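First the structure, in the form of structure tokens, and then the observations on it.
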């Protein structure tokens, strides 16, 4: 229950999610601090974010044991993918598509020219 000395806030829990995640607790705005002090749900969420940050810091310094063959396997897979044939459009289909595109552009230019001539009269 809010005390009479705290400022009333209209802050909803869903509005605080970005601020709880992205900033340090010392940088919270006054309405956010007041809301978090009064809201058990936001306090629990803040504890979860603290725990997550702590675990991420420990993961950053943890040694990683990689399989020595992992790099070789990745390079081998990339080489196999590089040798796959590429899909090509048949020449006749490409020429047909090019002709259609050229005809469409000529028609569009002719309509534009005709419209500008009609507007000028």
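The values are calculated or read from the model by the stated rules, or taken from the named source; none is laboratory data. All values derive from a computational prediction rather than experimental measurement. Here Cβ is always computed from backbone atoms with ideal geometry, including for glycine, and neighbour counts include all displayed protein chains.
So which residues in region 47-73 are more than 30 Å from residue 17 (Cβ to Cβ) and loosely packed, with under 10 Cβ neighbours inside 10 Å? Result: 63, 64, 65, 66, 67, 68, 69, 70. Going by what's in this entry, would residue 1 be described as exposed (fewer than 10 other Cβ atoms within 10 Å of the Cβ) and at pLDDT 75 or above? So residue 1 does not fit the description; no.
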